[in-house]
Amino acid sequence: MTSNSNRLSVGFILMLFSASSLGQSDNQPSPFKDGFYVAPMVSYTQPDGERLLEDGAGYDIGVGYRFNRVFAVEVDGTFSELDRENGDATDMAGITLRGVAYMTELLPNAFLSFGIGELSTDEQGTSGRTYEGMHIEAGGGYVLPLSFGRYDFGVRADARFRHNNGQEDGDDSNEFDKSGLSDSIFRLGLQLPIGRRPLPPEPEPQPLEVVEPVAACADGIDNDADGVPDYPGDKGCDSPDDNDETGPAQCADTIDNDTDGLIDYPEDTGCTSADDDEELNECRTPEPGENLSLNGCGPGDVIVLRGVTFEFDQSVLTANARTILDAVAAELSAYPDVTVALAGHTDAKGSEAYNQRLSESRAQAVRAYLADRGIEPGRMTAAGFGESQPVADNDTEEGRELNRRTELTVTGN
């Protein structure tokens, strides 16, 4: 018996390890991922009638490893207490090595199992003597997958039939020894994988086309007073009826007489009028192809730096972002008294703490780049706000793209 059992043990283990070549279970729901798990279970044992034992409860503690989408191997320790007809109790304890085969094609959450192990009991119902030896078992079960946050686990139920041909006190003359032990075991418990589901990666950014800004007329004048500087592609840089593009010349003293944050224009009430409140505010988010303008900007004005993007999952500026920030640095140099705050924002993918750290590092990267282009660092602050200030719906790709942004806020001029 012992020799045959040893040969079965070796063959059984070799079969399980060779089965690991069937492929990984990456597309299976947890707790059906490859790797280690633990299985605490409560059990209910029904012994055969010849042993004069009553049904009894117990518990099992198992450790398993899933090789692939089909096979797993488990080792568990078991303990049960069965009542005898005379009122005393019989303890049963053992250890089992078990192979598990999941029915992936028919019922993915169901499995069959086959095991071998060692079992010992005390004071059997017929003779009152101890009993121990090798046993074999076969059965099946079902695992119901559940999750709690990023942790996936399963509620597990199974049933097994166990047979033991061991010897009672080493005496093989007893009639009871020739038939051995036969038990039916029903178990209910948990299957707990070791480790949590990883965070989803941040989506890859869409490639952006570098748009070269359109050259404005050298004099920077808005001849047609439409609020946009003239461009050579219009009727001409000197044409007063050029109305295809562009803002009036500012008053020569560059004073904001009515203190509304905008420099006065001659076409308004007058360059010296305290109630001049009709100036054109050029402080806005530029359209694609336009450079940022700080003309007319006052404290509290917010400009979105469109196109200032970063390498995936990093605070490294893309080539397009550096081109745009070169134009921002030129405008800040033209207005040396303006101070600004730089803010980084993300979408809601990933954890809140991760997004906060990423937005902070990206805002600091923009500040460092502008400082490298000659802007006094004391004129700029940088802060990250993570996913806390969305401007669009995070449930759509278009909304998430708008939420991933860098903003420039004028804090003083």
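The values are calculated or read from the model by the stated rules, or taken from the named source; none is laboratory data. Since this is a predicted model, take the numbers as computed values, not measurements. Neighbour counts run over all protein chains shown; Cβ positions are idealised from the backbone, glycine included.
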Identify the single condition in (1) surrounded by fewer than 16 Cβ atoms within 10 Å (Cβ to Cβ); (2) among the acidic types (Asp, Glu); (3) at pLDDT 85 or above that ASP158 does not satisfy, given that it satisfies every other one. (1)
So LEU22 ticks every box in (1) at pLDDT 85 or above; (2) surrounded by fewer than 16 Cβ atoms within 10 Å (Cβ to Cβ) but one. Which box is left unticked? (1)
Take region 361-386 and flag every residue that is among the β-branched types (Val, Ile, Thr) and part of a strand (DSSP E or B). THR381
So which residues in region 287-300 are surrounded by fewer than 19 Cβ atoms within 10 Å (Cβ to Cβ) and either within 35 Å of the chain's Cα centre (by Cα) or among the hydrophobic types (A, V, I, L, M, F, W, C) (or both)? GLU287, PRO288
Subset tally (residues that are more than 15 Å from TYR131 (Cβ to Cβ), among the basic types (Lys, Arg) and in a strand (DSSP E or B)) for region 53-98: 2
Taking the options ALA343, ALA321, name whichever one is buried (at least 16 other Cβ atoms within 10 Å of the Cβ) and in a helix (DSSP H, G or I). ALA321
If only one of GLY139, GLY99, GLY117, GLY77 is surrounded by 16 or more Cβ atoms within 10 Å (Cβ to Cβ), within 16 Å of TYR37 (Cβ to Cβ), of a type in the set (Gly, Ala, Ser) and modelled with pLDDT of 90 or more, which one is it? GLY99
For GLU376, state whether it is among the acidic types (Asp, Glu) and under 30 Å from the mean Cα position of the chain (by Cα). no
Condition test on ALA39, is it out of contact with any Asp or Glu (no Cβ under 8 Å at 6 or more places or on another chain), among the small types (Gly, Ala, Ser) and modelled with pLDDT of 90 or more? no
So which residues in region 366-413 are surrounded by fewer than 16 Cβ atoms within 10 Å (Cβ to Cβ) and aromatic (Phe, Trp, Tyr), if there are any at all? none
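In region 387-413, how many residues are in a loop (DSSP other than H, G, I, E, B) and in contact with a strand residue (DSSP E or B) (Cβ under 9 Å, 6 or more places away or on another chain)?
Residues flagged as in a loop (DSSP other than H, G, I, E, B) and in contact with a strand residue (DSSP E or B) (Cβ under 9 Å, 6 or more places away or on another chain) within region 387-413 amount to 7.
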